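We did not get these values from a lab; they are worked out from the coordinates using the rules stated. Just so you know, these numbers come straight off a predicted model, no measurement behind them. Neighbour counts run over all protein chains shown; Cβ positions are idealised from the backbone, glycine included.
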């Protein structure tokens, strides 16, 4: 764990994280725990797929580091940080408890976040607008099996890199970006989410689900995807000046490793 510590202390007004997939070997729980320890914030949104119920039903996997992440979030909530959990498709069982507080963490179907600049951001996991999840769930389960296999390969690959003191690199993200159909799907998803946010009268949308962090303007609407903690190791944050920013924790670790200056895109 010491090798992962970034020793960065910074405050953010709001933090959004999703797709942690606790309960799977692909979850980068130690890096996630490091992130949670280093940040200071007023509000944390857990934007779905926090615990992977799909995988846990098939095989129980719950190491101490996954328990540590849950305990850390509960401690933050007890200390007065507003923590809101919006279930996704992998932890959809929690949708039965919408409106319930679990250890000071409130479970909601979706949330409307108002930035310090007055922008209203619709916060939702996003699986509800994924045609495969909505109309062909069996296909999503089939794709999940292949994805899990790829993540296992990715984990072994990065163990090899760490042995040679090389920084983390996502094989799965690299392959995803190289596949035309995947890129087309991501683009369509972004357009749908932005269009739906506009239809509902919001200034923007914050979502997860597709494991691709992004921050941009689509037809005058803010589209923000906080990414994941399996492949990209990213979070979305609102700074105290009201700007939104993607934090890439793998880059933070690389910065510590390579002593490079990291730049972020802001809007």
Open item on the list: 7 Å from Cα along Cα→Cβ at both residue 191 and residue 96: what's the point-to-point distance in nm?
Closed with: 3.9
Open item on the list: Per 0.36 nm of contour for each residue apart, how much would the distance between residue 164 and residue 117 grow if the chain were fully extended, relative to their Cα-Cα spacing?
Closed with: 12.4 nm
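Show me the ranking of peptides 228-234, 209-215, 99-105 by mean Cβ neighbours inside 10 Å, starting with the highest. Intermediate values should be presented prior to the final figure.
On the way: 228-234: 25.6, 209-215: 21.7, 99-105: 13.4.
Per-residue Cβ counts within 10 Å, averaged per peptide and sorted highest first, yield 228-234, 209-215, 99-105.
Among 123, 155, 243, rank each residue by its count of other Cβ atoms within 10 Å, from fewest to most, as a rough exposure measure.
Numbers: 123 27, 155 18, 243 15.
Ranked by crowding around the Cβ, least crowded first: 243, 155, 123.
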Open item on the list: Suppose each label sits 7 Å from its Cα in the direction of the beta carbon; what would the residue 104-residue 59 distance come out to in nanometres?
Closed with: 3.6
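Output the antiparallel fraction of DSSP beta bridges having both residues in segment 182-227, as a percent to the nearest 5. Intermediate results must be reported in sequence, preceding the final value.
Working: 5 of 9 bridges.
Beta bridges within segment 182-227, antiparallel portion: roughly 55 percent.
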Open item on the list: Just to verify a number: FRET efficiency for residue 241 and residue 72, C-beta to C-beta distance, R0 = 22 Å, to 0.05?
Closed with: 0.25
- [ ] Take each of the peptides 66-72, 190-196, 112-118, 245-251, average the number of other beta-carbon atoms within 10 Å over its residues, and list them starting from the highest.
- [x] 245-251, 190-196, 66-72, 112-118
Task: Separation of the residue 13 and residue 42 label points, Cα + 7 Å toward Cβ, nm - done: 0.7
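When DSSP assigns beta bridges and you keep just the ones with both residues in segment 27-120, what percent turn out antiparallel, to the nearest 5? Display every interim value, and only then the final one.
Details: 3 of 10 bridges.
The antiparallel proportion sits near 30 percent.
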